[in-house]
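Visitor: My questions all concern the structure below.
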Amino acid sequence: QTGEVIKAGGGRRTALMMALEYNHGDIMEFLDAKLDLGRLNNANVSVLVDDDFFAAVHADADIELKFRNKAIIDKEGNAKIVSAKKLWDKIIKNSWDSAEPGILNIGLANKMNTLSYYKPVICTNPCGEQWLESYGSCNLGAVNLTRHIVDGEMDWDMLADTVRVGVRFLDNVLDVNHYPLKEIENNCQKVRRIGLGIMGLGHSLVMLGEEYGSDSGLKMIDKIMAFIKERAYEASTFLAVERGAFEVYSDEFLSTGFIKTLPRRIRSDIKEHGIRHCAILTIAPTGTTSILAGTSSGIEPLFAPAYRRRYYTSNDENNERVLNEEVVIDPLFSTMVEDGMSKAQEKAFVSSHELKVEAHMKVQAICQKHIDNSISKTINIPNDYPIEDYGKLMLKYGPILKGMTVYRSGSRGNEPLSPMSVKDALAHMKSQEEYVEGSADSDCPSGICEVSDVPIV
């Protein structure tokens, strides 16, 4: 209801994250809530899990349900329990059916929490990329990787400069921002959490001739993300020298989960100078901003080199809806066809629906190594993908990822977009060229552009 009120005040729909711990007394009812399409339309629904949960699933053990950390006792004096396997199967079935719930690994998030000595993280923002402490907030920005590829190669010096500017920019945002609550402002000034991320990874890999999810593609992703991580942490350390470390920084910071994974050189610099931010990196979906930038979103693969888009318009005569269809060509694909692409680049134009499901998870796992906050990514699975195989992959990657969201094609009804293959996209572009060439025989083949010879006054 709060979300509806906020939405009514402006033109943009609100977004919420609703999450319950796996051992909450209402967990089974909570999981079914989103199956009713008329409820919780402004919220994403997720289950908070940890290592104990996954251990219980593997052991086929029972989970004792609780409310406010107290066991729930029935009328007979017995503790309320649920089979871990039954709960897991329900999570898998519901997410396979409707793309929800997602899984949020709060156990792993707190193991890697760089503020573990000060505050635990308790939940994420609506898209799941930013684990937050109480009164935490999102302060996000993204580097467009495609703008840093010159002549088919990554310009590492340019990328380093952009990362440094990005860190400084987001640090400034914390100071000029207007906060809705004083508690949020106080917390943000104490911890100075920012989230510099990327967009255009899918397009960048194509430009580099690397296939998304392949062994060589994963190595390139690892190299890019490690580079960004190190430059970002260097920039935050430089800012600590210039402006001071974040307020609740202490030497305990160096022994927290993620920080222990940093190169020794960077940890030594932090120990000597401090650091400006409690956490620096995140990967958001960048949906609208990547469209504006003309590139692929976040770390997602290409949707397709081209796709058919179906949409409705209104018939003015009787106000009936009319179904229309158009073909949309990916801007990078169009440019590379015009300029000429290598065989490696053409091979790298792999659509999201053509990837193996595990390739999505492998990419997220590689990126997770280098991200101190978290990642928002959609793991696409085909409509006919076996639910048993899906469950096995979720159980394999769930313990090593801070969050997982899966979308099965067609699980939410008719889809407005239908992907096209490289072959079909090329054929369509050729047909359009032939149409234009045929039309050029006349300056005005339709006749509608003819005008009378009237002088312009």
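Visitor: Out of all the residues in segment 60-69, is one or more modelled with pLDDT of 85 or more, open to solvent by less than 50 Å² (accessible area, probe 1.4 Å) and in a loop (DSSP other than H, G, I, E, B)?
Guide: yes
Visitor: If I filter segment 359-369 for residues that are of a type in the set (G, A, S), in a loop (DSSP other than H, G, I, E, B) and either farther than 30 Å from T114 by Cβ or modelled with pLDDT of 90 or more (or both), do I get at least one hit? Walk me through how you get there before you give the answer.
Guide: Within segment 359-369, the subset of a type in the set (G, A, S) is 359, 365.
From what's left, in a loop (DSSP other than H, G, I, E, B): none.
The answer is no, given that none of the residues of segment 359-369 is of a type in the set (G, A, S), in a loop (DSSP other than H, G, I, E, B) and either farther than 30 Å from T114 by Cβ or modelled with pLDDT of 90 or more (or both).
Visitor: Just one of the numbered conditions (1) more than 30 Å from I387 (Cβ to Cβ); (2) in contact (Cβ under 8 Å) with a residue 60 or more places away in the chain is not true of K90; which one?
Guide: (1)
Visitor: I'd like the full set of residues that are among the hydrophobic types (A, V, I, L, M, F, W, C), in a helix (DSSP H, G or I) and modelled with pLDDT under 85, limited to segment 398-438. Please lay out each step first, then the result.
Guide: Pass one, segment 398-438, residues among the hydrophobic types (A, V, I, L, M, F, W, C): 400-401, 404, 406, 417, 420, 422, 425-427, 429, 436.
Retained after the next criterion (residues that are in a helix (DSSP H, G or I)): 400, 422, 425-427, 429, 436.
Residues satisfying the conditions are V422, V436.
Visitor: Checking A240 against (1) under 24 Å from T124 (Cα atoms); (2) of a type outside the set (D, E, K, R); (3) open to solvent by less than 30 Å² (accessible area, probe 1.4 Å): exactly one of these is not met. Which one?
Guide: Unmet condition: (1).
Visitor: While we're here: How many residues does segment 269-319 contain that are over 30 Å from V350 (Cα atoms) and open to solvent by 40 Å² or more (accessible area, probe 1.4 Å)? Working first, answer last.
Guide: Let us first name the residues in segment 269-319 that are over 30 Å from V350 (Cα atoms), namely 269-280, 313-319.
So of that shortlist, the ones also open to solvent by 40 Å² or more (accessible area, probe 1.4 Å) come out as 269, 271-273, 313-319.
Residues that pass the stated criteria total 11.
Visitor: Only one of (1) more than 23 Å from the chain's Cα centre (by Cα); (2) more than 17 Å from S374 (Cα to Cα) fails for T256. Which number is that?
Guide: For T256, the failing item is (2).
Visitor: So, one more: Answer yes if at least one residue in segment 110-126 is open to solvent by 10 Å² or more (accessible area, probe 1.4 Å), within 22 Å of the chain's Cα centre (by Cα), closer than 21 Å to I291 by Cβ and in contact (Cβ under 8 Å) with a residue 60 or more places away in the chain, and no otherwise.
Guide: yes
Visitor: Could you please let me know if K182 is within 30 Å of I379 (Cα to Cα), surrounded by fewer than 15 Cβ atoms within 10 Å (Cβ to Cβ) and at pLDDT 95 or above? Step through it out loud before you land on a result.
Guide: Values: within 30 Å of I379 (Cα to Cα): no; surrounded by fewer than 15 Cβ atoms within 10 Å (Cβ to Cβ): yes; at pLDDT 95 or above: yes.
No; evaluated as a whole, the condition is false for this residue.
Visitor: Test S204 against the stated conditions and say whether it is open to solvent by less than 40 Å² (accessible area, probe 1.4 Å), part of a helix (DSSP H, G or I) and of a type in the set (S, T, Y). Spell out the reasoning first.
Guide: Working: open to solvent by less than 40 Å² (accessible area, probe 1.4 Å): yes; part of a helix (DSSP H, G or I): yes; of a type in the set (S, T, Y): yes.
Taking the combined requirement at face value, the residue satisfies it.
Visitor: Then there's this: Would you mention how many residues in segment 139-154 are at pLDDT 95 or above and farther than 15 Å from I198 by Cβ?
Guide: Summing the residues that are at pLDDT 95 or above and farther than 15 Å from I198 by Cβ in segment 139-154 gives 3.
Visitor: All but one of (1) more than 21 Å from N110 (Cα to Cα); (2) outside any helix (DSSP H, G or I); (3) open to solvent by 20 Å² or more (accessible area, probe 1.4 Å); (4) not aromatic (F, W, Y) hold for I379, so report the exception by its number.
Guide: (3)
The values are calculated or read from the model by the stated rules, or taken from the named source; none is laboratory data. All values derive from a computational prediction rather than experimental measurement. Don't worry about glycine lacking a Cβ; one is built from the backbone with ideal geometry, like all the others, and counts go over all protein chains shown. For the accessible areas, the whole protein counts, side chains as well, though only heavy atoms, and no ligand, DNA or RNA atoms are used. Shrake-Rupley method; radii C 1.70, N 1.55, O 1.52, S 1.80 Å.
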